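Undergrad: Pasting a structure below so you can have a look.
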Amino acid sequence: MASDWTLRQEICDAGRRVHQRGLVGGTDGNISARAGGGLILISPSGCCLGMMEPGDLVVIDSTGRVLSGRGRPSSEHWMHATAYAQRPDVAAIVHAHPPLTVAFTVAGLSMSPCALPEIIMAFGQVPVTAYATPSTDEGAGVIRDLVRQFDVLVLDRHGSLTVGKNVMDAMYKLEKLEHAALVMLTAHQLGGVQDLPPEEVAKLAQLRSRLGIGRAEDVPPACLPPACGGTCAPSKSS
Ligand SMILES: [Zn+2]
């Protein structure tokens with residue numbers, strides 16, 4: 001595990017990048033990392049992610065009790081604590097408000113899970129959670145089951161939650177998500193989204209498994225050939 005100071009610097013670096021890229025506005029969003037001993041290092045409440053210094057971060061336990069640091073922990077700390085509890089393999093979490101991703105949920109539109117090869121390969125799919133009132137413990141409830149299976153969640157009308165093996169990994173997943181939303185929005189504007197043929201999705205699902213990126217079963221069955229049962233390869237490549 002990275003040293004405490006390195007982790008703090010990584011969180012601040014990621015915060016600057018997330019803010020500069022417009023993936024949060026003002027004091028929105030929060031970033032955390034496992035700090036060892038069951039503790040969580042997290043951005044403080046009311047702080048702009050783009051202007052954090054390493055000493056600003058707060059150390060909390062899984063109940064949100066502050067063990068060190070000056071401020072209060074982010075109001076979304078329940079969501080972070082829940083994700084860590086469900087995923088022992090996860091070392092860092094980024095919660096942001098990527099505007100195009102959120103816009104799809106406000107419009108009631110789905111970013112088709114069958115259209116973009118890189119999303120199918122990297123994430124399997126990107127589920128949208130039920131709506132939860134931001135800054136309350138409702139957020140923990142809507143992510144609890146989904147985060148067990150998926151690294152990237154869209155929070156209905158609110159934002160995103162991306163988890164990773166380190167801070168940068170979680171942040172790159174956020175960037176990939178919003179980039180996909182930009183592509184999908186542009187496709188809608190250009191006349192509509194055309195899904196990949198099911199046989200091509202099946203190839204991607206297999207590749208995802210073969211390369212050790214994730215489980216083929218995470219790809220939505222509705223994107224795959226009917227006979228696939230979720231995991232089969234197309235006959236031409238098997
Ligand atoms: Zn939020």
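What follows is calculated from the coordinates using simple rules that are stated; it is not laboratory data. All figures in this text were calculated on a predicted structure; none of them were measured in a lab. For neighbour counting, all protein chains shown are included, and Cβ atoms are generated from backbone atoms with ideal geometry for every residue, glycine included.
Undergrad: If you take the C-alpha gyration tensor of the stretch 90-238, multiply each eigenvalue by 5 and take the square root, what semi-axes do you get, largest first, in whole Å?
TA: They are 26, 18, 14 Å, listed largest first.
Undergrad: Once R0 is set to 30 Å, what does the formula 1/(1 + (r/R0)^6) return for the Cβ-Cβ distance between Glu138 and Arg210, expressed as a FRET efficiency to the nearest 0.05?
TA: 0.20
Undergrad: On to the next question. With +1 on each Lys and Arg Cβ and -1 on each Asp and Glu Cβ, and nothing else charged, work out how big the dipole of the chain is about its Cα centre, in Debye to the nearest 20.
TA: 240 debye
Undergrad: So, one more: Considering only DSSP beta bridges with both partners in the chain, what is the antiparallel share in %, to the nearest 5?
TA: 95 percent
Undergrad: Which residue, Thr133, Val59, Ala187, has the largest displacement toward the positive end of the dipole of the chain when charges sit on each Cβ (Lys, Arg +1; Asp, Glu -1)?
TA: Farthest towards the positive end: Val59.
Undergrad: Averaging over all projection directions, find the projected area of the Cα convex hull of the stretch 4-189 and quote it in nm² with one decimal place.
TA: The directionally averaged projection comes out at 9.5 nm².
Undergrad: Another one. Considering the options Met79, Gly46, Gln9, tell which one lies farthest towards the positive end of the dipole of the chain, charges being +1 on Lys and Arg and -1 on Asp and Glu at the Cβ, about the Cα centre.
TA: The residue sitting farthest along the positive end of the dipole is Gln9.
Undergrad: Would you please put 195-206, 56-67 in order of how densely packed they are, using the mean number of other Cβ atoms within 10 angstrom per residue and starting with the highest?
TA: Ranked by mean Cβ neighbours within 10 Å, highest first: 195-206, 56-67.
Undergrad: Glu199 versus Trp5, label points 7 Å from Cα toward the beta carbon: distance in nm?
TA: Here the answer is 5.9 nm between the modelled labels.
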